[in-house]
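> If you scroll down you'll find the structure; I have some questions about it.
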Amino acid sequence: MIKVSPYLLISNENGEMFIENFLSKSKRRLDNNLLGMLKFCLSARTFDEAAEGFGKEYVEQCLNEKLLLFADKMHLYTNIHMVDIETVTSCNYKCAFCPVAYDERAGRDNRIMDMDLFKQITDKAVRHPSVREVSLHFYGEPTLDTFFCDRINIISGTRLRLHISTNASYLDAERLEALAQNKGSIQSLNINLPSIEESEYERLTSSGCFSGVMQNIESACLSGLPVKILVNGTKKELVRNLDAVKDYFAKYQNTEVIVNNTHDCCGLLKNEYKQELYLDTLIGCEQFIGNLTIGVSGEIIMCSNDYYKKTVIGNIADGEIIDIINSDAYIRMSKKIMNIEPPDEDFLCHKCWNASAYRYLLNMFNRTIKSL
């Protein structure tokens, strides 16, 4: 049986409809033939049924492009394009919208990833053909890493593009120079800046280093690096802070100010960021099929929302990335995320904002295809 992929998104660009494919990381125009195929295969069909209406070659083309998937293998499809690497476990900030601020261990669990392990991860990422990007990202502050510059140099010697998420407090001249010298490998320098008003910034981050951070950010903007200023906050906080941040950085080229999706980290936050989410039925996750999250000791974590690393599904030392995603543990996890194997009531995805947003987009796709 074959069925429409659950990893499709529909968009309207200047009156023309397009299908964006999370699984293949591609986009194509929605013509009448494809629309008819998608409508027909919203419910599972046999290959012969689809071929009778649309031709064998076209059905095979849609399967090759992963617009259609085999229904009984839905949980086996992946396209790991990003590897998230936790190079440090500590953070010098206690942001109101981050679980670090409420974790009694924070500040005592101070580990740095071994360089041999880091090299092993990057080598395996390069060898996995679909991986195109790596990110120094989990809940630690990557610029606290004593090997930060060395890691940048290693990645710049590969085909991989690099994303860095930072609060910029330690983005000093040495670290910035290392980034600038390897500018061609930097995909984005993502900087957490919830406000440019000092008192508001300190309220939200409890950092005590506003002026130094602003100097570091301005230096980054002037360096020509692709800077993204991420503004976190509730709707009320964004109304207060977002426009001022946009206005302040409008003078810089290569600098983009965007709203970051601020959520309660799967129910961990109990303050004003609490979202009271609980999804009874799970239907998949585009983040799980596209990102591989690796902890400081090489552990494979279900996703970047798993702050306490409750769901570890292997270790990068177990083999190549293809071995990880073909492992029994990884496949069982995929079955739970797609509700093929019923997950426990406390399974992380039940309270996940990303899973909720993904379900909304999938429902919108199905409604739109049916209505056209």
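The values are calculated or read from the model by the stated rules, or taken from the named source; none is laboratory data. Quantities reported herein were computed from a predicted structural model and do not represent experimental measurements. A quick note on method: Cβ atoms are made from the backbone with ideal geometry, for glycine too, and the neighbour counts reach across all protein chains shown. Each accessible area value is taken on the protein alone, full model and side chains, heavy atoms only, with ligands, DNA and RNA left out. Shrake-Rupley method; radii C 1.70, N 1.55, O 1.52, S 1.80 Å.
> On the basis of being touching a Leu at 6+ places or on another chain (Cβ under 6 Å) and farther than 25 Å from residue 321 by Cα, does residue 80 make the cut? Give the derivation first.
Numbers: touching a Leu at 6+ places or on another chain (Cβ under 6 Å): yes; farther than 25 Å from residue 321 by Cα: no.
So residue 80 does not fit the description; no.
> Follow-up question, since we're still on this one. Here's a check for you: in segment 93-106, which residue that is open to solvent by 60 Å² or more (accessible area, probe 1.4 Å) and part of a loop (DSSP other than H, G, I, E, B) is nearest to residue 206 (Cα to Cα)? Quick ask: steps written out before the conclusion?
Pass one, segment 93-106, residues open to solvent by 60 Å² or more (accessible area, probe 1.4 Å): 94, 102, 104-105.
This time we only want the ones that are part of a loop (DSSP other than H, G, I, E, B), so: 94, 104-105.
Working: 94: 6, 104: 16, 105: 17 Å.
If we take residues in segment 93-106 being open to solvent by 60 Å² or more (accessible area, probe 1.4 Å) and part of a loop (DSSP other than H, G, I, E, B), then 94 is nearest to residue 206 (Cα to Cα).
> Looking at segment 227-241, which of the residues that are in contact (Cβ under 8 Å) with a residue 12 or more places away in the chain and open to solvent by 40 Å² or more (accessible area, probe 1.4 Å) is nearest to residue 137 (Cα to Cα)?
As a first pass, look at segment 227-241 and keep what is in contact (Cβ under 8 Å) with a residue 12 or more places away in the chain: 227-234, 237-238, 240-241.
Among the residues that remain, those that are also open to solvent by 40 Å² or more (accessible area, probe 1.4 Å) are: 228, 240.
Values: 228: 15, 240: 27 Å.
That would be 228.
> OK, next. Please go through (1) among the hydrophobic types (A, V, I, L, M, F, W, C); (2) closer than 19 Å to residue 298 by Cα; (3) crowded, with 18+ Cβ neighbours inside 10 Å for residue 126 and return the number of the only condition it doesn't satisfy.
Single failed check for residue 126: (3).
> Assess whether residue 10 counts as being open to solvent by less than 30 Å² (accessible area, probe 1.4 Å), touching a residue at least 60 places away in the same chain (Cβ under 8 Å) and more than 26 Å from the chain's Cα centre (by Cα). Steps first, answer last, please.
On the way: open to solvent by less than 30 Å² (accessible area, probe 1.4 Å): yes; touching a residue at least 60 places away in the same chain (Cβ under 8 Å): yes; more than 26 Å from the chain's Cα centre (by Cα): no.
Taking the combined requirement at face value, the residue does not satisfy it.
> Among all residue pairs at least 6 apart or on different chains, which show Cβ distances below 9 Å where the first residue, located in segment 154-175, is under 24 Å from residue 120 (Cβ atoms) and open to solvent by less than 10 Å² (accessible area, probe 1.4 Å) and the second is modelled with pLDDT under 95 and assigned to a loop (DSSP other than H, G, I, E, B)?
From residues that are under 24 Å from residue 120 (Cβ atoms) and open to solvent by less than 10 Å² (accessible area, probe 1.4 Å), the pairs are 164/137.
> When the residues of segment 183-202 are filtered to those that are touching a residue at least 24 places away in the same chain (Cβ under 8 Å) and in a helix (DSSP H, G or I), which remaining residue is surrounded by the fewest Cβ atoms within 10 Å (Cβ to Cβ)?
So in segment 183-202, the residues touching a residue at least 24 places away in the same chain (Cβ under 8 Å) come out as 183-197, 200.
Applying the additional criterion that residues be in a helix (DSSP H, G or I) yields 183-185, 200.
Values: 183: 14, 184: 7, 185: 18, 200: 17.
If we take residues in segment 183-202 being touching a residue at least 24 places away in the same chain (Cβ under 8 Å) and in a helix (DSSP H, G or I), then 184 is surrounded by the fewest Cβ atoms within 10 Å (Cβ to Cβ).
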